[in-house]
Structures are given as C-alpha cells and as structure tokens.
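One structure coming up, written as structure tokens, with questions to follow.
The values are calculated or read from the model by the stated rules, or taken from the named source; none is laboratory data. The structure presented is a predicted model; accordingly, all values stated were derived computationally and were not measured. Cβ placement follows ideal geometry from the backbone for every residue including glycine, while neighbour counts extend to all protein chains displayed.
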Amino acid sequence: MMLALLGVASVSHYLVVGAIMFCCGVVCMAVKRNALGVLMGIELVLNGANLNFVAFGSNYLAADGRSPLGLDGEVMALFVILLAAAEAAVALAITLNFYNNHATVDVDRADDLHG
Amino acid sequence: MNQDAFDISLSLFALIDWHGFFFLLFAAIACIAALMVVLTDNVVRMALHLILSLGATAGLFFLAGAEFIGAMQLMIYVGGTLVLLVFGVMLTAQTQLVALRTPASDRVLAGILAAALLAVLVQAAFSIESWQKSGQGIVSAPTATPLGMALVGVRVDQSAEANLLDAKGGYLLPFEIVSVHLLVVLIGAAYLARAKRRRVPRPVDLMASVDSVEPNSSVDSPSTVLSGGSE
Amino acid sequence: MRGTDFISELEASIEGSLVGRDLEAVDPWLEIAADKILETCRWLKESCEIRFDGLQCITAIDWFEPDPKKASKVKWEPHTEVVYHLWSTKARASLVLKVKLPRWQGNEPGKLPELSSVVSVWRGADWHEREVFDLSGVQFNGHPDLRRILCPEDWEGYPLRKDYEMPLEYHGMRGR
Amino acid sequence: MVQTLDEDQRIIEFDVRTDEMLVNMGPQHPSTHGVLRLVLRTDGEIVSELEPHIGYLHRCAEKIGENLTARQWIPYTDRMDYLAAMNMNLGWSLAVEKLLRYQVSEKARHLRVLIVELNRIASHLVGMGAYGLDLGTFSPFLYAFREREKILDLYEEVCGARLTYSYITVGGMTADLPPGWLQRCEAFLDQFEPIIQEYHTLLTTNAIFVKRTATIGVLSPEMAIDYGCTGPVLRGSGVDIDLRRDGESIYTAMYDGYAFEVAVMKNGHYPRDHKYPAVPKDAVLGDCWHRFFVRMLEVVQSMDLVRQSIDRYSQCKGALGEPLKLAEKLPAGDTYLETECPKGQMGFYLVTDGTPIPWRVRARSSSFSNLAVSPELCRGCLIADVPAVVGSLDVVMGEIDR
Amino acid sequence: MAEFLIETIGLPTWFAWTAVAGLSAFLILNVIAGGALVFIWAERKIAARIQDRLGPTRTGGRFGWLQSLADGIKLLAKEDLMPDGADALLFRLAPYVSFCASFCAFIALPFAFDTVGQRLNVGVFFVVAVLGLEVFGVILAGYASASKWSLFGAMREAAQVVSYEVPLGMCVVVPVMLAGSMDLVTIGEKQAGWAVNWFIFHDPFTFVIFWVYCTCAIASVNRAPFDLAEAESELVAGFHTEYSGLRWSFFFMAEYGSMFLVSALAAILFLGGWNGPVPVSELLGFSDGVAATAPFALRFIGCMNLFLKATAGVLLMMWIRWTLPRLRIDQVMTTCLKYCTPIAAAMFLGVMLWQLFLPGGLVPGSFRAAAGVREGWLEQSYRKESAEDESLSLKKLSRHISEVSR
C-alpha cells in the first residue's frame, strides 16, 4: 500500500503540494476576470509559498531532525500570513471602490489609465 | 467471513501510517480545492473552495509540527481574511458578475504555462537529496514560545539558557515594522471603504411644537362646534 | 367662536361652498358643494379660527334602493353622499361636512363620481380615501396613490354600494 | 405614496453601492401582530421605504351591519379590536344611544366604566407583552398574559366569554355582576398592583429596552394630528387629548365625577400620582419609548378608575335596567361618536332611515389611522426598528381590516 | 490511555491508538449531542420556570426529560425541504460546516488533567480559531438559502462574529499571560489549589476581564441579547429560516456545542478549570493531583468539576436569554468596539502591570507558579515531560508500526 510506504512525509512532498497551490494561484490570477477571483489567486500563491517556509523550517520533517531554516521559517510564514491579511484588506477596499465607481468587478474593464 | 481476508485487511490497516495518511488527506484536499478555485466560475463557490484549501493547509502546518502557524492560519486567514472576502463577494454578487468567463484560449495558454511552471517546481522539489528523505519525526520542543520570544528579539533556540539576552538575530524590528504596517493598512482600508455621507440626524425639538397644540382653556364644554350653538 | 359664526365666515370666504345645513340634527352638519370641497377643507384647516387640524373619518353613503317596489316609496333621489368628520385639537370640537355626488358620473354606470382629494390638507386622508374608493367607488382626484386598500387589487365592484352583487367566483374560489 | 416633506427625509448614502432589496415582512411573520404585510424597500439593513398592505382580515363588517339591527351588530364589534371587545361594545352602544337620545341608569354607567377600564388594562397588557416580544424578550409577554388571564376569568364570570363578550349592549348590559365578583376584582387589583413594578424593571427601565426604543420612530405632534393618530400614540407625542375628558358629552358624562389625570407629558413631566420610573435621558417625546410608557401609565390610571367605579357601583341603589329591544326602531338621521379605546379613538358612524336596521354603518378604526403613519416613522430606520415602531403603534388587524 | 492499553492489556499498538482516537471522537461527539439534548431540555425547563410555566412535564415520565429526544426523532422524521432557488450543494453543506467547527474545537479542550482529545501547546488559540470557523456555516446557509431573511442573518452574523473575535482574543490572552502558556492543560493546572488561585481572583483586572469575556463569548456564540443572526421578531429565523429537520437540528447542536465550549473555556481560563475550590486531594494527602499518573478517579472528579462550571455558564446564558431584550445591530457593534475592546485592552494592560509590580495573586504567595511565569517557556519547552507529550503520539505510532511491519 502506498500509504504504508510513504512513512513520514518529506520536505519534498510539502514542496510539491506548495508548488501545486502556487501554480493554481498563478493560473487563477491570470485567468480570472473577477477582481475577487484574482485576489483569491494571490492568497493561493502566498499559501503555496508559506507551505515551503514551514516545510523548510520544520524540524519534524528534516532528515536529520535539525531543519536548515529552524525558527526562521516559521517566523517568515507568520509574516507572510500577516501581510497577506493586510493585502487582502486593502485589495478588497480597492475592489469595492472600483465596484462603486464602475458597477463591475471585471478587471478587464479597469483601464481608466489606458489613455 | 473469511478469516484470511479479515487478517489481511487487519494487517493492511496496521500498515497505515497515520502521519502519512493525514498528510495525503490534507494534501489532496488542499490541491484539489486549489484546482477547483481555478476551475469554478461562480465566485461564491470559489471562495468556499479557497476556504477548504487554506483550511487543509492549516492541517499540513499542524502535521509539520508548526502548531502556532497552523492556528494562526485558521484564525487570521480562514477566520478573518476569508470572511472579509466572502463579504466582498456578497456585496458584489450580482448575477452578471457571479460568473465572469475568460476566453478558452486564455485558459489554455495559462494552463500550459502553469503546467510548465509546475514541472520546474516539482523537479526542483526533488532535486536535493536531503529534502527527499523522510523526517526522523523527532518532536522538538513546541515552537510557540520560542517564536514569541523571537518576535520580541530573543532567540532562545539559538543560544544557551545562560546568555539569553545576548542572543542576536531576533525579529523585533521586522515585528515592529509589520505592526506599523498593519496599522497603516487598517487605517487605509477604512479610509478607502469609508462612507462619504453619513446619516443626517434629524434635529428633534418637539417640546416647542407641543405648545402650539396646547388645549385652549377658553373652550369649556367640548362638543361639536355646531351643537354648541343649538343646545 | 362657537356656533354659526364661522359658518358665515366660510360663506364669505369661499362663495358658493355652502349649499345646505342642518343645525338641529343629532350631529349638525353642513353641506358643501362638490367642487368646493378641497378649498373649503383647506380654509377650515388653515384660515378658520377653529383650526380643524384633524380628519377623523371619511364615509361614503350610497343612497340607492335596489328593490324597485321600495324604491318608489323613498323620499330621496339616488345619490352618493360623502361625509367628512373633522376635528379640532385646539377647540376639542368636531364638524361634519357632507358632499352630495351622483352615483355614477353623468349617470353612466361604471363611471365613478369624482371628488377632489383632501390628502394635501390632511395626510391622514390618504387611507380613508382609498377605503372609500375601494368599498364605495368614489374617484378622488389628486390622490397620490388611489388603489384598493382592503380588497385585492383585482377585485371588481364596490362592495358597500347597495346594488353590489358578490361575484360568483374569484380566482377559482366560490363566492356565493 | 404621499409626497413627503424634504426635511423629513434622512439622507443615507453609503459608499458601497448596494442594490435595493424588496422584502416582504408578513403576512406570515412572527412580529406583524396578525396578518399585516409590510413591504420594505431596504438598502442593506436600512429601510428606505415601508408600505403596509392591509385587508387580509377584511370581513365586510360594515356591509353586514347594513343587514342587522343595532343590537344584533354588537358581536361584530367584538371582533374588531378583539383585545378590547368591551370598549368596542361600548362605542357602538353609545353611538346608538346617542341617536336615540337614551340614557342608561346610574348603576349601568358605573358598571360600564368598571368593565371597560378593566378591559383597557387587559388590552395594554397584551400590547406591552407583545411589544417585549417584538424587541426579542419573551418572558414579559407571558407575565402580561398571566395577569390578563385573571381579567379574562373575571369576564368569563360576568358574561361567559373570554374574548368576544358582547356584554355591554345598546341601553345597558346583558346581565348584572354575579355575587362576590367585586371582591374578586378587588383582590385581583391588589395583587396586580405590585406586579407593574416588575414590568417596569423588565421593560420600561431596562437599559437595552431603552436603547431599542428611545429616539426611534419619533412622531411629532403635528404629524400625529395630521395623520389622525389617536390614543396612546397621540399622547405619546405629548398631545393632551383624551376623549374620556375631551369627548362628546354623552361619553364624558359616563366619567362624570371620576378623578383621573390624562397620561401625557406636560411641561416635561408625566402626572406623578404614582411611583413611576423616571423618563430616561435619551428618550425623546414622541418616540417608541414614550408611546409604550403612556400605555404603562394608563394601566395604573385604569386601575384607579376601576377602584373608583367599584366604590360607586356598590353604592348605587336601584336596578341596572334592561337593555333596549333587539329590534328597537331607530329614528331617521345620522350620528357619529368616538370613544377612547385602548388603541385610540374608535369612531362609529350610523346612518338610519327610520327602520330598526341601519342604512349605513361605519367603523372608524384607530389602528387604521395609527398604522397609516408607520411609513413616515420607518423611513431611514434599521430593519430591527420596524417591529419596534410598528409594535409601539400597537395595532390590531381585526380593527384595521374590519 | 493508549500507553495503558498497550502496556497493560497488550493490545497491538496500532489498534490501541486507533481505538483511543475513535473513543475520544465518540466521547466528544456524545458530549456535544448528549449535551445538546440535556441543554435543550434544561433551556425549556428554565425558560418555563422563569416564565411561570411548567415546561415539558410528560414525555418520559416526570419532568419531561425525554422531550428533546422525542423532538429529535420528530426532526429526523421531518420532510427534508430545500427552497427552489437554493444553491443545493452549499445549502446541504452549511449545517455540517457549522457543526464540524464546533466539534473540532473540542479536540483541544481538556476536560480534566490530561483528559483531552489532543493536547496542543497552542490550545487556547486553536479553540478560539476553530470556533470562529463556525461562522462559515452560517454565511453559507444564509447565502445558499435564496431567502432575503437568511441573507440578512448571515451578514449580521459575519459582521458580529468577526468583530467580537477581537475583544475575545484580548480576554483570552490574559490567562495565557498569567500562566505563561497557551496550553489549556497548563493553564488549568496553574490554578490548582484553593479558589483564590483561580485567575478570576488573581487581581481586580482579571475579575473585570472575566465579565468582558462573558459578554464577548455570548456574542460570539449568538445567544440573546446578541442573537441577531436569528432574531425571530425581525428576521423570522435568520440564517436557518429555510432549514428543517435534521439539518436544522445540526445548527442547533452546533449552537449548544459552542455554548458549552465557551463556558468550558471560561471555566478553564478563569475559574480554575477542573480544580475544585478546595484542594481536596491535596488535603487528603494524595500526590499533588497533577502528576501524569493521576488516578482515574481524580480525573473523573476533575471532569465533573469542569462540567459543573461549564454547565453553570450555560445556565447563566439561558437566564440572560429569557430576561433581556435583543440589541440592534449597530448597538451590538458599539458594544464591541466602544466598550468591550477598550475595556479588554485596558484590563490587559492592567494585568500586565500588576504582574510586573505585584507578581502573584491577591493573596501573596498563593500562586505556586507566580515566579515561574516568566520562565514559563523554559519550563514548558524543555521539560522532560514535554518530550512525552501526546504530540509525540504520531511519531511513536509510526515508529511502532515500522517495527511491527518488520
């Protein structure tokens, strides 16, 4: 059975999950026309990155029980979460403002500066 | 019930490594939900899938021994940010905006690029030998307290107990910067989404107007006006 | 300020408004010309010494005898009478105004008699006029929102008219 | 809708562009006091427009009245304000008596005061309890119903009915009081009096209650009069009118010799003949709190009146007198009479052509006019204020729809 | 417990762990479901008694104690309705999201010393965070119901819960600061001894903040006078207007589950947790009652202690519900932002200063751990015992499995 063979997950496994989330986020940012969808893509990207930080910083996952990043990984993850929250708040405020002025959340229509 | 089959299933059950099992479970939820975020057009469903994905990520954090970060993820991300997001979704959820579609060609192009990116990343993930080895699973001390100390500038994990305060490499300055940043963002967001005109309170001064309908004392026997003459 | 004083004032201010009166009745009343009702009401509320600032009630009475045998015996001509009960908060006094209208405008069945709305004088008249329109069939000109109020909007006929007949069926429900 | 005054329009504009929403409150809704339907146009939580839709309980009472004799119509008056049916009976009976220029015996007069004032207490208890319910507290409702139940028990002894009494009738009452009833009534009053303090604690002076009702739905006296609002709604706006004192002589004569002070705020004070809680700082004359408080004061006032009438009634010698014949011939003519009912001034208009059956019967409902002002009061308030405002008007749909 | 099974009875390791996990889940589920049954019955009886009524009297013999069970059966048998325009998936999902959040929070809640589903060193944080997720079920229900009343309820709930998390977090931080740990087991243990050791009596600030916590907790679980999301006189039934039958009962169970949870949290954070007001076991000369080998009986008594305190909290909520009118949404927000948050912040500051200048409780020296607070992290992180923490369990398990499979 696959499960049994896996044992404790390795850093690589976490990296793969992080990579998948990251790529989904990138596609989301690229494809979505809804501003909120783009925002969600950003959240996904940040989370994918976060997963990497935690994986590298985890003693539990490290092969020799001593992670290369140590506590720094978690601290970075913490900052990323905080900044993502801040980013979401501002982006949402901008989106709502945009919605008020244009009655849409379609980012393709946000071309006021286009000239 | 065949005894052999029972034994086999029991032993298979015994083989399950719960850590691996939960890792697979959370990883699968996180990845599939993330994929669904991309594939769904309905913005409310997207938000739901994002919640699932981020919640499962919190589970992965717990599995990696980062309990504090996991709880943080649940509280700030899932609890706070996403409620905000759902708010935004609902405020702008008009039928024509719920499902905005992109041309198929764009989607395909983005898909190809993402697949290429994913391939590179996965290759990188497996490129280093030590990353591939399963962890020893050594449970180190809980990280919440050292993390908190690190944020106020004391790195307890890098120095001996004796000279705690000499330890360098704390995160006091970044912590302060982030705090100020958050404050700025808070004010900025409130400013951006503020109400431009507020409720105009209606001045209530009724006592003055009551006087105008005070009873006229000259009317002694109230009755119909006309009958007053005829009675 | 009591009795008939203000009546002469009313006659002087709005000529031709007062067309009849009965001061000996249980509730003495004044009869106002149908086309002067709005003017009269506004005068009574704003210019009269006893300010009739409240409208208690508007009633329409259908003077019509559907039974032809009895109809020959009645003393009155068939008509609709609209009765206004006014009230003065200051004087604690009330006043009855009556307006005579034809049952149908120009004796053309189906064409409602018309009368000026007094909503611009008393806002409380709004619902009362709607009720009179709904149940007795009087068209109030100048009413901001003259719709049926108690009966459903698609109801036919005016139930408080004497010749009203309950519909046999309403949206599949048996009426009689 | 009626063109509204500009200054009354509270301008609310939020930066977030939101779509207006039409919401149906009722006719099946927990807080609409029967089958009232309110259509709200809301912007988020803020109500920009409210329109009451009535008529769900229309029973053609006026049309029925054109086919019955005056006394036969009494049970139909019961079903108007079914919470204060005695008052309805009285209003109609007095209107007919006014047309007949008939005067009931002294004993019947005091008995009528006793009965209708007791009914006023019962009606206000329901109004108070249901208002608590509107604001989200359930217990006072049952406390109020517990006391009302005792009043209904008393009524049951008197006339056999608990809701639709048909007790007061044209020319008197259908029966005299059963023996020992007065003592039981007094016992009720004695045990009820301290309980009012309980209501004040739970509602009138409760901080949350005050927050929910003070400065909400402020009705100016001019607007109240303009809309024909009456009763506690009018008095809650500080207009000193009570038909028991200011009404027509046939009605005021009933209260001749009774001492009572109209429950209205004069010069910033309510009559202080009892221990009432003080008016809270943030309450504005004409708001929901004042309308509620006026009702609470009237409960005490009615208790006083009941006590007085018990004294007078028991001192009265002589017979109660028989009511008029069922098919008493009515003189041709018309008359209109308003009485002070718990919900406001209830008017009955009666047009006769000389037969025992009236030509036209009209009931002018106080709740009808009181409810008509609700769109004005609810403009710009929050959704949560709608039940608070409509509840403070204390409307009864049976009376509105007739 | 798993070690006990393995070592004493000799069960296979994997089986022991799975069985213990299953048992824990089962017990917690029973606490919620059984608790909901009991609390609903209690609510009816209490409401009835407050209102001069009798409440249920007949079902199940006396006192109507089977009433909630009968209601449950009725709910099971009810037709499962879904509005026409509803978003079917989300509509079906929503009650379970709510219930799961309420259930998951119990994982980290200790019922007595070490009697906990999973001891987490960020226990408080975890519980508060997971409890906050309950709002998602409500939002989804409101959105998916295709009813305006539901949507109103959902929006109110979202605004309310998110706002009240701020003061609630501040209140929770105070005991964390006093105990020097976020681990609920540690926080509870620090309050062992006489009742003066309870954090509520630690200093005047904690006494005040306990009541702030109570307010915020009531608000965050949506009980009157903060039950705006389901305000029946305004919003018919708010977010669960369109629900019936089993799904509706899941919302109810989630509500009663969270009520019990916040009460238990209050008990652990401020009221001494599983420690009685009198340290009976110490007086009787048992070990200090905190050892990992605490006999089963002591744990059971601890459980009862906590249940008693938590139930008292729940009853308090019921008492409040049947007494007070409901606040309006803007007043709820004002209460949170203008009163609760500043008071909580001030009290937090006060407790901090008190700790600096007057370490220890009101009764000097009564706090065993008073001096150890600052070094709490050391004590915590490098204690020998912590290596044997239950967080080890997964690792141990996998090691055992690899041995077994070889």
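Can you tell me which residue in segment D:162-180 is modelled with the lowest pLDDT, limited to those that are over 25 Å from residue D:296 (Cα atoms) and loosely packed, with under 15 Cβ neighbours inside 10 Å?
D:175
Somewhere in segment D:263-280, is a residue outside any loop (DSSP other than H, G, I, E, B) and modelled with pLDDT of 85 or more?
Scanning segment D:263-280, I find no residue that is outside any loop (DSSP other than H, G, I, E, B) and modelled with pLDDT of 85 or more, so the answer is no.
Here are some conditions: (1) over 22 Å from residue B:47 (Cα atoms); (2) part of a helix (DSSP H, G or I); (3) β-branched (Val, Ile, Thr). Residue E:97 meets all but one. Which one does it not meet?
So residue E:97 meets the others, but not (1).
Then there's this: Filter segment D:305-325 for residues that are over 30 Å from residue D:193 (Cα atoms) and exposed (fewer than 14 other Cβ atoms within 10 Å of the Cβ); which is nearest to the other protein chains (Cβ to nearest Cβ)?
That would be D:325.
Also, quick follow-up: For segment D:199-223, enumerate the residues that are part of a helix (DSSP H, G or I), aliphatic (A, V, I, L, M) and away from chain E (no Cβ under 12 Å).
Matches in segment D:199-223: D:223 only.
If you don't mind, there's one more thing I want to ask. For segment E:169-266, list the helices (runs of 4 or more DSSP H) that sit wholly inside it and hold at least 2 residues that are more than 27 Å from residue D:388 (Cβ to Cβ) and at pLDDT 80 or above; which are they?
In segment E:169-266, the matching helices (runs of 4 or more DSSP H) lie at E:184-190, E:204-220.
Further, regarding this structure: Which of the numbered conditions does residue D:150 fail, given that it passes all the others? Conditions: (1) basic (Lys, Arg); (2) surrounded by 21 or more Cβ atoms within 10 Å (Cβ to Cβ); (3) modelled with pLDDT of 90 or more.
(2)
Related question: Which ones in segment D:374-395 are among the small types (Gly, Ala, Ser) and under 15 Å from residue D:129 (Cα atoms)?
D:388, D:391, D:392
Within segment B:38-48, identify whether any single residue is modelled with pLDDT of 80 or more, part of a helix (DSSP H, G or I), farther than 19 Å from residue B:70 by Cα and over 16 Å from the mean Cα position of the chain (by Cα), and answer yes or no.
Within segment B:38-48, one or more residues are modelled with pLDDT of 80 or more, part of a helix (DSSP H, G or I), farther than 19 Å from residue B:70 by Cα and over 16 Å from the mean Cα position of the chain (by Cα).
Residues checked against (1) at pLDDT 75 or above; (2) facing chain B (nearest Cβ under 7 Å); (3) not in a helix (DSSP H, G or I):
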residue	(1), (2), (3)
A:16	yes, yes, no
A:38	yes, no, no
A:60	no, yes, yes
A:67	no, no, yes
A:75	yes, yes, no
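Within the group C:99, C:132, which residue is touching a helix residue (DSSP H, G or I) at 6+ places or on another chain (Cβ under 6 Å), within 22 Å of residue C:39 (Cα to Cα) and among the aliphatic types (A, V, I, L, M)?
Every option except C:99 fails the conditions.
Give segment C:112-141 a look and list any residue that's more than 15 Å from the chain's Cα centre (by Cα) and surrounded by fewer than 18 Cβ atoms within 10 Å (Cβ to Cβ), or say none.
C:120
Suppose we filter E:229, E:224 for residues that are surrounded by 24 or more Cβ atoms within 10 Å (Cβ to Cβ) and within 17 Å of residue E:321 (Cα to Cα); which single one remains?
It is E:229.
Inspect segment B:122-135 for any residue being at negative phi, modelled with pLDDT under 70, part of a loop (DSSP other than H, G, I, E, B) and within 7 Å of another protein chain (Cβ to nearest Cβ) and give the result as yes or no.
Yes - at least one qualifying residue is present in segment B:122-135.
Matching residues to (1) closer than 30 Å to residue D:388 by Cα; (2) in the same structural domain as residue D:292 (by TED's automatic domain parsing); (3) assigned to a helix (DSSP H, G or I):
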{"position": "D:93", "(1), (2), (3)": "no, yes, yes"}
{"position": "D:99", "(1), (2), (3)": "no, yes, yes"}
{"position": "D:113", "(1), (2), (3)": "no, yes, yes"}
{"position": "D:116", "(1), (2), (3)": "yes, yes, yes"}
{"position": "D:119", "(1), (2), (3)": "yes, yes, yes"}
{"position": "D:127", "(1), (2), (3)": "yes, yes, yes"}
{"position": "D:140", "(1), (2), (3)": "yes, yes, yes"}
{"position": "D:146", "(1), (2), (3)": "yes, yes, yes"}
{"position": "D:178", "(1), (2), (3)": "no, yes, no"}
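Pick from D:382, D:337: which is more than 10 Å from chain C (Cβ to nearest Cβ), touching a residue at least 12 places away in the same chain (Cβ under 8 Å) and in contact with an Asp or Glu (Cβ under 7 Å, 6 or more places away or on another chain)?
D:382
Going through segment D:69-93 one residue at a time, which ones are among the charged types (D, E, K, R) and either under 11 Å from the mean Cα position of the chain (by Cα) or within 22 Å of residue D:250 (Cα to Cα) (or both)?
D:71, D:78, D:81, listed by residue number.
Would you tally the residues in segment C:76-112 being charged (D, E, K, R) and either touching a strand residue (DSSP E or B) at 6+ places or on another chain (Cβ under 7 Å) or within 14 Å of chain B (Cβ to nearest Cβ) (or both)?
Here the count works out to 6.
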